[in-house]
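The structure appears below as structure tokens.
Rule-based calculations on the coordinates, nothing more; no lab input. From a predicted model like this one, the values you see are computed outputs, not experimental measurements. All Cβ positions, even for glycine, are placed from backbone atoms using ideal geometry, and neighbour counts span all protein chains on display.
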Amino acid sequence: MALDGITVANLTEELNTALADGHISKIGQPEPDEILLTVKTKGGLRRVLLSASASLPLLYMTDKNKVSPMTAPNFCMLLRKHIGSGHILSVTQPSLERIVRFEIEHYDELGDLRKKYLVLELMGKYSNLIFCDDEDNILDSIKHISASTSSVREVLPGRKYFIPDTRHKLDPKETFQEEFLGNVFVKPMSLSKALYTTYTGISPVIAEELCHRASVESDQSAKEIPEAAQLHIYRIFDELMEDVKAGKFEPQIIYDEDDDPVEFSSVHLTMYDDYKVKKFETVSSLLETYYAEKNSAARIRQKSSDLRHVVTTILDRETKKLQLQRKQLKDTENREKFRIYGELLHTYGYYAEPGADSIVVPNYYDGGRELKIPLDKTMTASENAQRYFDKYSKQKRTAEALLQQTAQTEAEVQQLQAISTFLDHAETEADLAQIREELENSEYVKKKSVSRKKGAARQQKSHPYHYRTEDGYDIYIGKNNIQNDELTFRFASGGDWWFHSKKIPGSHVIVKSHGQEELPDHIFELAADAAAYYSQGRGADKVEIDYVKKKEVKKPGGAKPGFVVYYTNYSMVARPDISRLTLVE
């Protein structure tokens, strides 16, 4: 699912229509590789997100604001200086490149009218946001690219800006029949590959779609296509380009039978006619729905990598320790036989012959059956008895110590497994901050200094999820162990219902009863499905869920965060699903 040249053309047309004649009122840089413009237009305030992220480059209009550092980075300060109150003249796309060029007019320090260009290159790991003057001199860029990094083009202040032509692709909007036939059908490769390697902005998906519309196998060699079919393919190609030039776009996401997104596009993909299609009024809303969520998840995963490494390392160590402790505890299970040996030797030891290596005696603990007791022939029967009593006492002390140690290690393993699950489910930096707080309180990581550095972003507070059912019941879900404790023991009332995944880490789920003794059956199902979704079993088909009145849930003294006990409960099998719940902002 790539941001190809046709989707960028759709974006360019949309932005040009919405932003032309607009005035830039605010410029923020919420991420190191991301700029957020707030533009005053005739239709009201518009926010435009420009991201040069290497993993997910993005461009779309949004209604949502993002928190920026209190002290702006240098690139953001430069933009504010030059175009902080600039007037957007146009938004254009060169050829069908994955490049968007904002033409901005502003007054300089002397009051003279000047033009500047903000160029966003949406090219995967080579993505960049470049600020140029009216002579295409680079004033600065959000990423500096030196000659040691790239032999094709330097992106540094003072250098000339140009679009590198490394693959010598043709402009699909300016092609004609002879050029098309002479460049596509001479290549010794599949037809689809010949199409997307010949023309800029044509993605493999669009190439496959062109083949499908022309009823030609996409993997057929381009050189083997008959002449009549070649002309037909050109006409299909030309029709698509005419639609692009005329601005006839149909932004849509294609979903499979499991409602997972398969593809998105700004043109109708006939090859997915058998799939579920969701159409969007704007390509911005399409990208915000799909790509922005993916971008957020990628950023959170990147920012959680240090915590994830710490948790994984400690969890692996504690798991190995627990296995060793359980093995050692198992080795002490037979300690009672040593006590019995000692007591039987005290009773019958005088029968032992000097130098004997064993003795057979009646075992009055087992109905008088004969029992053979090994002896150290260098010791007397009394000394052998004492040796067995010493073994028994040592193993008893070891077992008592191991029981405590094993219980402590089990609690730590459970806590770390829960933290690992919550890291997988974290959606914001605030969620990560609260998980880190738990790790600091448990002394798994060192505490950070409480003083905030100058220019650091204001940290938002993480709150539990709040969902509401169609019939108005409120469901609250903890995002980590700290929130689990707060929900269960500070927020919930005794008559509320409490849900949790059975024997696996997960969130505490609270259903507010508002004084009702019983709830409708479907509310129990919805809450159980939510508990399954926010658990380690999210990827499973079914998860067993325990549920009970909150008053039955207790927290032992000194227990780890999120750990509870309950002795009377109901259970049900649920499927991980929150689609029937509405998130309350």
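Tell me the Kirkwood radius of region 317-420: reciprocal of the mean inverse pair distance over distinct alpha-carbon atoms, in Å.
Computed over Cα pairs of region 317-420, the Kirkwood hydrodynamic radius comes out at 15.8 Å.
Provide the net charge surrounding Val205, with neighbours chosen by a C-beta distance below 9 Å and charges set as Lys +1, Arg +1, Asp -1, Glu -1.
Neighbour charge sum, excluding Val205 itself: -4.
Given H placed on each backbone N at 1.01 Å, which residues far from Ser25 in sequence or on other chains put an amide H within less than 5 Å of it?
Thr38, Val39, Lys40
Please list the three semi-axes, largest first and in whole Å, of the ellipsoid equivalent to the chain, using sqrt of 5 times the eigenvalues of its alpha carbon gyration tensor.
For the chain, the ellipsoid semi-axes come out as 66, 30, 27 Å.
Could you work out how much longer the chain between Glu383 and Arg397 gets when fully extended? Use 0.36 nm per residue separation minus the Cα distance between them, nm to one decimal.
Result for the pair: 2.9 nm of gain on full extension.
Between beta-carbons, use under 12 Å as the cut-off and find the net charge around Leu79, counting Lys and Arg +1, Asp and Glu -1.
That works out to +3.
Calculate, in nm to one decimal, what Leu329 and Gln404 gain on full extension: separation in residues at 0.36 nm each, minus their alpha carbon distance.
Gain on stretching Leu329 to Gln404: 25.9 nm.
Take the residue pairs Lys337/Lys394; Lys503/Lys551; Lys116/Lys169 and return only those whose Cα atoms are more than 18 Å apart.
Over 18 Å Cα-Cα: Lys503/Lys551; Lys116/Lys169.
In 5 Å bins starting at zero, report the fraction of Cα pairs in region 1-156 per bin as a rounded %.
In whole percents, the pair-distance histogram is 2, 9, 18, 24, 23, 15, 7, 2, 0, 0.
Tell me which residues come under 5 Å, amide H to amide H, from Asp140 once H is placed; ignore anything under 5 positions away on its chain.
The answer is Phe131.
So what is log10(I(q)/I(0)) for region 465-583 at q = 0.15 1/Å, when the Debye sum runs over its Cα atoms only?
Log10 I(q)/I(0), no solvent term: -0.57.
Per-residue counts of other Cβ atoms within 10 Å, averaged by peptide: what ranking do you get for 430-437, 365-372, highest first?
Ranked from most to least packed, the peptides come out as 430-437, 365-372.
Bin width 10 Å, alpha-carbon pairs only: give the P(r) of region 64-145 as whole percents, running from 0 to the bin holding the largest distance.
Binned Cα distances yield the sequence 16, 45, 33, 5.
Could I have the simple spin-label model distance between Thr149 and Lys554, label points 7 Å from Cα toward Cβ, reported in nm to one decimal?
Placing both labels 7 Å beyond Cα along the Cβ direction yields 6.1 nm.
Using only the alpha carbons of region 172-299, determine the length spanned along each of the three principal axes and report them from longest to shortest in whole angstroms.
On the principal axes, region 172-299 reaches 45, 30, 29 Å in Cα extent.
Hey, what D do you get for region 478-538 in µm²/s if you plug the Kirkwood alpha-carbon radius into Stokes-Einstein at 25 °C and 0.890 mPa s?
Numbers: Rh = 11.9 Å.
Diffusion coefficient, whole number: 207 µm²/s.
What are the residues whose amide H is under 5 Å from the amide H of Lys502, where those residues sit 5 or more places off or on another chain and H is modelled from the backbone?
Long-range HN contacts for Lys502: Glu544, Ile545, Asp546.
May I have the pair-distance distribution P(r) for region 220-294, computed from all Cα-Cα distances with 5 Å bins from 0 and rounded to whole percent?
3, 14, 18, 17, 16, 13, 10, 6, 2, 0
Spelling out what I want: for every residue of region 560-570, take phi, set θ = phi - 60°, compute 6.51 cos²θ - 1.76 cosθ + 1.60 (Karplus), and round to whole Hz; glycine and proline get x.
For region 560-570, the Karplus curve yields 5, x, x, 7, 9, 10, 7, 10, 10, 7, 9 Hz.
Using helices alone, I'd like the mean residue ellipticity at 222 nm for the chain: each DSSP H run of four-plus residues gives -39500 (n - 2.57), total over residue count, nearest 500. It would help to have the intermediate numbers written out before the result.
Values: 13 runs with 209 residues, N = 585.
Using -39500 (n - 2.57) per qualifying helix, the result is -12000 deg cm²/dmol.
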